[in-house]
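Only one structure is covered here, and it is reproduced in the block below.
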Amino acid sequence: MTTATMTEWRERYSHDLMGSYAPPLRLLVRGDGCWVWDDDGKQYLDFLGGIAVNSLGHAHPVVVEAAGRQAALMVHVSNYFATPSQLELAERLKTITGAGEEGRVYFGNSGAEANEAAFKLARRTGRPRILALKNGFHGRTMGALALTGKPALQEGFLPLPGGVEHLDSTIDALEAAMGDDVAALIVEPIKGETGVVPLPEGYLREARRITERHGALLIIDEIQTGVGRTGLWFDFQREGITPDAVTMAKGIAGGVPLGVMVTFGAASGLLQRGDHGSTFGGNPFATTVAIAVLDEIERADLLGNAARRGEQIRAAVESFGSSLVTEVRGRGLLLGIGTVEGAAPAIAAAALELGLIVNPINPTSIRLAPPLIVGDAEVEAFRDRLGQALAAS
Ligand code: PLP
């Protein structure tokens, strides 16, 4: 990229867009599979996948076909009407989450919106307290931000909706806080925005037992972990539990905005007519693309691929024996490379120069969330480029 060009679009960006994001790294113009190109024709291996969104990578024929087909039929109709794809996707989601017959599905447009629905679900129990975890991330809208356990993100926006308490991620802390006045506990199986930090082994199983004992809802935020990313449809399924609600977004429609809450059992009756809604929620365009994405995940065994490639990528990182790397966390294709203090941004910057996109989510963590279609060639290219980036850092 010529410096003049980069200077020009960066100036336009800062002049015209709200200053709520860090300055963008590159101007990207197209993608294909696990690869993207910038405006100067430079090619990058995309191991961030739009932050765990591009489950089928870029310009996947299945997504292109479904989007084109549905756009030619109708993109949107409003929730005064039903559409075949909305009905089909709801049924599919009840099946793959395990919510089954008694399950119900609410469609919105983003992760934060899915969690707003979950927040309202919790309020409808009539109980005043909601438990969430310190350092958990549930989104940036006011309700989702209240659930988010990061005071630095909340401080400028107080007062937030009340009643939310943030606990340490231990069963002892949960036992101590739990009571019959608790509406819900909301947790992520792996804290993605905190650097890909899994909950302690067995936490969800114990949390299910404790919430059940007190009649509180267990809400699992699978917005980053869900729809195949960790090698199962949903990460909670690893622990063999049944939650009361699961929220998802990101990868479900391969990049088309769609947020979802699926409820289980009695929780399915908590939200009644008029309680919630969203103009775009569940429109035929997003739901058609989501069905195509789910079909392809099944057809190409991308759950198995996520599990296998995740292990390959972990082994590749560990094989360097770099003194900058302290550990590799996470499951499937949601991985966090732990680094010594302050090393993550420099490694990611070196990788970008070498044509590899990874995400330094904090000074000691690099997040990897490549498309679920990642194959041998991409894992090899990743190993090669990361190795060079580590050596250069
Ligand atoms: N919950 C989790 C676990 C997330 O990782 C995110 C986004 O990173 C959200 C909620 C918010 O999703 P969105 O950015 O689509 O609102």
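The values are calculated or read from the model by the stated rules, or taken from the named source; none is laboratory data. Nothing here was measured: the structure is a model prediction, and the numbers come from that model. Using ideal geometry, Cβ is built from the backbone for each residue, glycine included, and neighbour counts are taken over all protein chains shown. All accessible areas refer to the heavy atoms of the entire protein, side chains included, with ligands and DNA or RNA removed. Shrake-Rupley method; radii C 1.70, N 1.55, O 1.52, S 1.80 Å.
Taking a virtual spin label 7 Å from the Cα of D295 along the C-beta vector, which residues in region 63-87 bring their backbone nitrogen under 20 Å of it?
Of the residues in region 63-87, 63-76, 83-87 have backbone N under 20 Å from the label point off D295.
Going through the cross-link list K150/K191; K134/K250; K120/K250, which pairs have a Cα-Cα distance over 19 Å in this structure?
Too far apart for the 19 Å limit: K134/K250; K120/K250.
Mean-square fluctuation check for the chain, GNM, Cα pairs under 10 Å: which of H76, H60, H276 is largest?
H276
Give me the three principal axis extents of region 74-299 from the C-alpha atoms, as integers in angstrom, largest value leading.
50, 36, 33
On a 0 to 90° scale, report how tilted helix 61-73 is relative to the longest principal axis of the chain, with both axes built from alpha carbons and the result rounded to the nearest 10.
60 degrees
Using a 10 Å Cβ count of at most 16 others and DSSP loop calls, identify the longest part of the chain lacking such chymotrypsin sites (Phe, Trp or Tyr not before Pro).
82-319
Measure nothing but the geometry: give the 0 to 90° angle between the long axis through the Cα atoms of 302-319 and the longest principal axis through the Cα atoms of the chain, rounded to 10°.
With rounding to tens, the tilt is 50 degrees.
Accessible area of the chain with a 1.4 Å probe: how many percent of it is carbon plus sulfur?
Ligands and nucleic acids excluded, carbon and sulfur give 55 percent.
Identify the trypsin sites (Lys or Arg not before Pro) of region 229-315 meeting these criteria: DSSP loop state and at most 15 other C-beta atoms within 10 Å of the C-beta.
Here the trypsin sites (Lys or Arg not before Pro) that fit, given the DSSP loop and packing criteria, are R273.
Counting helices only, and only those DSSP H runs with n ≥ 4, report the 222 nm mean residue ellipticity of the chain as the sum of -39,500 (n - 2.57) divided by its residues, in deg cm²/dmol to the nearest 500.
-11500 deg cm²/dmol
Using the Cβ atoms and a cut-off under 9 Å, what net charge is assigned to the surroundings of L133, where Lys and Arg are +1 and Asp and Glu are -1?
That works out to 0.
Against the empirical 2.2 N^0.38 Å scaling, what ratio does the C-alpha Rg of the chain come to?
Cα-based Rg divided by the globular estimate yields 0.98.
Report, to the nearest 10°, how far helix 284-299 tilts away from the longest principal axis of the Cα atoms in the chain, using its own Cα long axis and a range of 0 to 90°.
Helix 284-299 and the main axis of the chain meet at about 70 degrees.
In square angstrom, what is the accessible area per residue of the chain with a 1.4 angstrom probe?
Computed with neighbouring chains in place, this is 43 Å² per residue.
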